[in-house]
Amino acid sequence: MRISRTGVISSLLVALLVQTNFAFAQQAADAVQPEDQVGAVDRSSASPVIGKDWMVSTANPHASEAGAAVLRNGGNAIDAMVAVQTTLGLTEPQSSGLGGGAFLMYWDNSAKRLVNFDARETAPLDVKPTHFLNEDGKPLRFFDAVVSGMSVGVPGMPKLLWEVHQKYGKSEWAPLLSHARQLAEDGFEISPRLAGLIAGRVETLGQFQKSRDYFLTPDGNGKPQGTLLKNPEYAETLALFQKEGADVFYTGEIAQKIVDAVQSAEIKPGPLSMTDMAIYEIREREPVCVVYRGLNVCGAGPPTSGGIAVGQILGILENFDIAALGPNTLESLQMIGDATRLAFADRARYVADIDFVAVPVKGLVRRDYLKRRARLLEVGKKLEDAPAGEPLFDHALNFADDPSREIPSTTHFVIRDSFGNVVSMTASIESAFGSNLMAGGFLLNNQLTDFSFITHIDNLPVANAIAPGKRPRSSMSPTIVMKGGEPYIAIGSPGGSRIIPYVAKAIIALVDWDMNIQEAINLPHFANRFGAFALEDSTAAVALDAPLRALGYDTVTVPLNSGLHGLVIEDEQLEGGADPRREGVVIAE
């Protein structure tokens, strides 16, 4: 067995919490967020972990160990997914958990079928169009909406784990939760990353009793690195989950705890009800696939924009020789950045919950449409304007551009089992520590703030406006790349809306620049979503700041803390990588 631990971070900066009026959402989107704050990143290891039989790569050592134990004992990828996610919800609570949701891409090897599961949160039935407006009819300040009961949607994670396991799992259900349950009872040491994130959110965590008691010391400071953190309430929740399945989260005891926490929140109680919990369903949807260099790049569709936008970036760039431009060059950054801008322009106008809005998915990823979009780009010349295009399906052309924000607090993991099944799953509670509300020993999401805070702009409707039962738009991009009808690459990342360029660049590195998976993950980050380039500080990308400015771009140098985790299957061998920017571990046999 080989284990690679990358990115064990020695220290973290105190988080900078940026509060901004909604009107400046796009401009503020490049501001540093708590999940972006990292210490020194060790990129000295560029060698992937090699396996033959199975592999698991997650953002936390405890979670990777939980998944490896299941795979080692003959379980399959879905069994391991359950063990991994219930452990992540305990040891990486700021990013994902039973109070949030996920998008899952799954390759069922026995059926030779790729499926996409949507476990995105839904808005309560009692929400109004004015949900995020103040008494003057103006949008709330973003973080005033986040840290509250009104930001909580119906969690999808428990039902995803339960129902997908019932359909595809191989092992008995209850033992899969035992690792996380035992760890919750015995306690785990707070990691450097978690300690720094707690320190950066002392003020907001301190506003709610349960989160204050769990994360802070009696004198109001964040619990430090190395503290043994026990969570008996989470252990009790898992015991009920083991015994009663997902029903306990949607019609039973835990559902009531969630509803009570939201309705009685100390700050801005929300309208979430037992009816909202009881009617929640996960959705099985068709993957969104785009051909790139002869490979089929497949991701999740609406309500996430990830599959469409990653596919658009690659589909546009297929018209250029990106391999010849090479990594970390001015030309490659410029072209990838401008292709990303075009994808984000379409994302802002067209993408929302497809159960509520007619999204022109096929039109947005058609080869001829992306070729037309590619004609707007020229190597060495800045794209001055990046308007939304006009994809086939004029039904959807009368929407306003949506400036809603998305905060980078999420997790991604990949699993490949000995039976040939593959999991690529991105899970989230949205902002760091979600709404900061806790119930049943886990944090509740703030995913409703992924909706637009306003419903119309210049009398045009916003596709991503909030509505009862609707799912907010996401950027989560769990991806499986197919080669010859079989899985070739599984990859994804956290990072808010920057997930999309992170994943697209990693695929380009693997396919065009012939890098191994760890090299692709280690590459310096850059992103241009709305016209300004964000460059990852303390990396080679910073050297391109002046050349980019000479081309006319605005630039900003900031931490870009992805959590890319991926694997490549080739020549009967597995190669895995974990992001050194977090505390990731790959385990394989």
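Taking segment 385-410 as the range and being among the acidic types (Asp, Glu), modelled with pLDDT of 55 or more and over 30 Å from residue 584 (Cα atoms) as the test, the residues that pass are 385, 390, 401, 402. Filtering 413, 433 for residues that are at pLDDT 90 or above and assigned to a strand (DSSP E or B) leaves a single hit, 413.
Looking only at segment 493-526, filter to residues that are at positive phi and outside any helix (DSSP H, G or I); which one of those is surrounded by the fewest Cβ atoms within 10 Å (Cβ to Cβ)? So, considering only residues that are at positive phi and outside any helix (DSSP H, G or I), the one surrounded by the fewest Cβ atoms within 10 Å (Cβ to Cβ) is 514.
If I filter segment 18-63 down to residues being of a type outside the set (A, V, I, L, M), at pLDDT 95 or above and over 18 Å from the mean Cα position of the chain (by Cα), which single residue comes out as nearest to residue 529 (Cα to Cα)? Per the criteria, the residue is 48. Filter segment 130-152 down to the residues that are free of Cβ contacts under 8 Å to residues at least 60 places away in the same chain and among the polar types (S, T, N, Q), then identify the one that is least open to solvent (accessible area, probe 1.4 Å). The qualifying residue least open to solvent (accessible area, probe 1.4 Å) is 134. Residues that are open to solvent by 10 Å² or more (accessible area, probe 1.4 Å) and either in contact with an Asp or Glu (Cβ under 7 Å, 6 or more places away or on another chain) or part of a loop (DSSP other than H, G, I, E, B) (or both) within segment 364-379 comprise 365, 366, 375, 376, 377, 379, listed in sequence order. Note on segment 327-363: residues that are open to solvent by 10 Å² or more (accessible area, probe 1.4 Å) and in a loop (DSSP other than H, G, I, E, B) total 9.
The residue that is farthest from residue 413 (Cα to Cα), among those in segment 58-75 that are in contact with a helix residue (DSSP H, G or I) (Cβ under 7 Å, 6 or more places away or on another chain) and not hydrophobic (A, V, I, L, M, F, W, C), is 62.
Identify all residues within segment 562-586 that are part of a loop (DSSP other than H, G, I, E, B) and closer than 22 Å to residue 225 by Cα; write none if there are none.
To start, the set of residues in segment 562-586 that are part of a loop (DSSP other than H, G, I, E, B) comprises 562-564, 571-572, 579-584.
Correct list: 562, 563, 579, 580, 581, 582, 583, 584.
Among the residues making up segment 527-538, those that are in contact with a strand residue (DSSP E or B) (Cβ under 6 Å, 6 or more places away or on another chain) and open to solvent by 10 Å² or more (accessible area, probe 1.4 Å) are 532, 537.
Across segment 235-255, which residue is least open to solvent (accessible area, probe 1.4 Å) among those that are polar (S, T, N, Q) and part of a helix (DSSP H, G or I)?
Of segment 235-255, the ones polar (S, T, N, Q) are 237, 242, 251.
Subset that is part of a helix (DSSP H, G or I): 237, 242.
On the way: 237: 2, 242: 32 Å².
Per the criteria, the residue is 237.
Go through segment 266-282 residue by residue and tally those that are closer than 28 Å to residue 162 by Cα, outside any helix (DSSP H, G or I) and open to solvent by less than 80 Å² (accessible area, probe 1.4 Å). Going through segment 266-282 one residue at a time, the tally reaches 6. If you check residue 82 against the conditions, is it open to solvent by less than 10 Å² (accessible area, probe 1.4 Å) and assigned to a strand (DSSP E or B)? No; evaluated as a whole, the condition is false for this residue.
Per-residue answers, yes or no, for (1) open to solvent by 10 Å² or more (accessible area, probe 1.4 Å); (2) of a type in the set (A, V, I, L, M); (3) free of Cβ contacts under 8 Å to residues at least 60 places away in the same chain; (4) out of contact with any Cys (no Cβ under 9 Å at 6 or more places or on another chain):
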{"position": "423", "(1), (2), (3), (4)": "no, yes, no, yes"}
{"position": "432", "(1), (2), (3), (4)": "no, yes, no, yes"}
{"position": "440", "(1), (2), (3), (4)": "no, no, no, yes"}
{"position": "449", "(1), (2), (3), (4)": "no, no, no, yes"}
{"position": "459", "(1), (2), (3), (4)": "yes, no, yes, yes"}
{"position": "467", "(1), (2), (3), (4)": "yes, yes, no, yes"}
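All of (1) crowded, with 20+ Cβ neighbours inside 10 Å; (2) assigned to a loop (DSSP other than H, G, I, E, B) hold for residue 489 with one exception: (2).
Taking segment 170-202 as the search range and keeping residues that are over 25 Å from the mean Cα position of the chain (by Cα) and acidic (Asp, Glu), which one is farthest from residue 234 (Cα to Cα)?
Residues of segment 170-202 that are over 25 Å from the mean Cα position of the chain (by Cα), as a first pass: 170-175, 178, 182, 185-187.
Those left that are additionally acidic (Asp, Glu): 172, 185-186.
Details: 172: 21, 185: 8, 186: 12 Å.
This residue is 172.
Pairs are defined by a Cβ separation below 7 Å, a sequence spacing of at least 6 or placement on different chains, a first member in segment 266-290 that is within 26 Å of residue 478 (Cβ to Cβ), and a second member that is open to solvent by 40 Å² or more (accessible area, probe 1.4 Å) and among the hydrophobic types (A, V, I, L, M, F, W, C); the pairs so defined are 276/125.
Looking at 298, 289, can you tell me which residue is touching a strand residue (DSSP E or B) at 6+ places or on another chain (Cβ under 6 Å), in a strand (DSSP E or B) and surrounded by fewer than 24 Cβ atoms within 10 Å (Cβ to Cβ)?
Working: 298 fails: surrounded by fewer than 24 Cβ atoms within 10 Å (Cβ to Cβ).
Criteria check complete, one pass: 289.
Among the residues of segment 540-572, the one identified as open to solvent by 30 Å² or more (accessible area, probe 1.4 Å), in contact with an Asp or Glu (Cβ under 9 Å, 6 or more places away or on another chain) and among the small types (Gly, Ala, Ser) is 552. Taken together, 169, 200, 220 contain a single residue that is small (Gly, Ala, Ser), in contact with a strand residue (DSSP E or B) (Cβ under 9 Å, 6 or more places away or on another chain) and over 30 Å from residue 126 (Cβ atoms), which is 200. Within segment 472-485, the set of residues being open to solvent by 10 Å² or more (accessible area, probe 1.4 Å) and either of a type in the set (Lys, Arg) or in contact (Cβ under 8 Å) with a residue 24 or more places away in the chain (or both) comprises 482, 483, 485.
The values are calculated or read from the model by the stated rules, or taken from the named source; none is laboratory data. Keep in mind that what you see is a predicted model, and the values were worked out from it rather than measured. Note that we place each Cβ from the backbone using ideal geometry, even for glycine, and neighbour counts take in every protein chain shown. Just the protein is used for accessible areas: all its heavy atoms, side chains included, with ligands, DNA and RNA removed. Shrake-Rupley method; radii C 1.70, N 1.55, O 1.52, S 1.80 Å.
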